Amino acid sequence: QIDAGSSDNCDVELTLTPTDFTCAEIGDNDVTLTGVDPSGNMTSEPAVVTVLDTISPICMSVDSIFLTLPGNGMASIDVMQVDDGSTDNCAIESLVIDQTDFDCDDIGNNIVTLTVTDSSGNTSTCTTVVVIEDGMNFECNTNDITVSLDENGMVVITPGDIDNGSGGGCNSETPDLSLDQTMFDCDDIGVN
């Protein structure tokens, strides 16, 4: 691989130093080709061996992660929760995920991509499903109200009449409120 036509008027024995290379020798390496003939005459010539790492890392990620949003409606993951033992033939330089923070907009399944980069710049990717669940409790808050019967002896109320800021959870912007009784008549005079 190194000899480019060495010759002698007799036979010549060629040796090379060094011959073995590892990840520690990535880049240019000086080697020496030495030729010796049967009479012991010797000559050496330098050469450069460039070692490249062209093998991409093996990206391995967990299948899924389940997160329940706490009271503040935000949750996070880190790369070590996603990585499941990614490897490289030399050395991993970095592990990066494309999303770390989740909120109410992420309820359901989210695909998170892990990118593994080795020290030579080779990359590979794999994915994990991050399942976000709403764990925040809905709070029902009410006001006491006093209403008067109309000329027909009846009155109708709506949920908005007694609601006092009910909400919570990821779907609290427009809560679906209902009452177990909305119509009152003379039989209901007093506290209900």
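The values are calculated or read from the model by the stated rules, or taken from the named source; none is laboratory data. Treat the numbers as computed from the prediction; the structure is a model and nothing was measured. Glycine gets a Cβ as well: all are built from the backbone with ideal geometry, and neighbour counts include every protein chain shown. Quick note on the areas: whole protein, heavy atoms, side chains included, nothing else; ligands and nucleic acids left out. Shrake-Rupley method; radii C 1.70, N 1.55, O 1.52, S 1.80 Å.
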Task: Prolate/oblate/rounded label for the range 124-192 (Cα gyration tensor, a/c 1.5) - done: prolate
Open item on the list: Counting only protein heavy atoms and a 1.4 Å probe, tell me what percentage of the chain's accessible area is made up of carbon and sulfur.
Closed with: 47 percent
Task: Helix-derived mean residue ellipticity, 222 nm - over the chain, DSSP H n ≥ 4, -39500 (n - 2.57), to 500 - done: -500 deg cm²/dmol
TODO: With a probe of 1.4 Å, find how much accessible area the chain has per residue, and write the answer as a whole number in Å².
DONE: 66 Å²
- [ ] Kindly give the semi-axes, whole Å and largest first, of the ellipsoid equivalent to the range 41-102, taking each as the square root of 5 times a Cα gyration tensor eigenvalue.
- [x] 47, 11, 7
Task: Given charges at beta-carbon only (K, R positive; D, E negative), |dipole| of the chain in Debye - done: 440 debye
- [ ] With a ≥ b ≥ c taken as the square roots of the eigenvalues of the C-alpha gyration tensor of the range 1-43, please select rounded if a/c is under 1.5 and otherwise prolate if a/b is larger than b/c or oblate if it is not?
- [x] prolate
- [ ] Within the set of other residues whose C-beta is less than 13 Å from the C-beta of Glu13, count the net charge using Lys and Arg as +1 and Asp and Glu as -1.
- [x] -4
- [ ] Could you work out, for the chain, what percent of all Cα-Cα pairs fall into each 5 Å distance bin, beginning at 0 Å and stopping at the bin that holds the largest distance?
- [x] 1, 6, 10, 8, 7, 6, 6, 6, 6, 6, 5, 5, 4, 4, 3, 3, 2, 2, 2, 2, 2, 1, 1, 1, 1, 0, 0
TODO: Once you have a ≥ b ≥ c as the square roots of the Cα gyration tensor eigenvalues for the range 1-82, tell me rounded if a/c is under 1.5, and otherwise prolate or oblate according to whether a/b is larger than b/c.
DONE: prolate
TODO: With a Förster radius of 41 Å, plug the Cβ-Cβ distance of Met74 and Val51 into 1/(1 + (r/R0)^6) and report the FRET value to the nearest 0.05.
DONE: 0.30
Task: GluC sites (Glu not before Pro) restricted to the range 113-192 and DSSP loop, no more than 12 other C-beta within 10 Å - done: Glu151, Glu173
Task: Alpha-carbon centroid distance for the pair the range 1-68 / the range 152-192, whole angstrom - done: 83 Å
TODO: Using a cut-off of under 17 Å, list every residue of the range 3-44 whose amide N is near the label point 7 Å from the Cα of Cys90 along the Cα-to-beta-carbon line.
DONE: 20-30
Task: Within the chain, longest stretch clear of exposed chymotrypsin sites (Phe, Trp or Tyr not before Pro) (DSSP loop, no more than 15 other Cβ within 10 Å) - done: 22-137
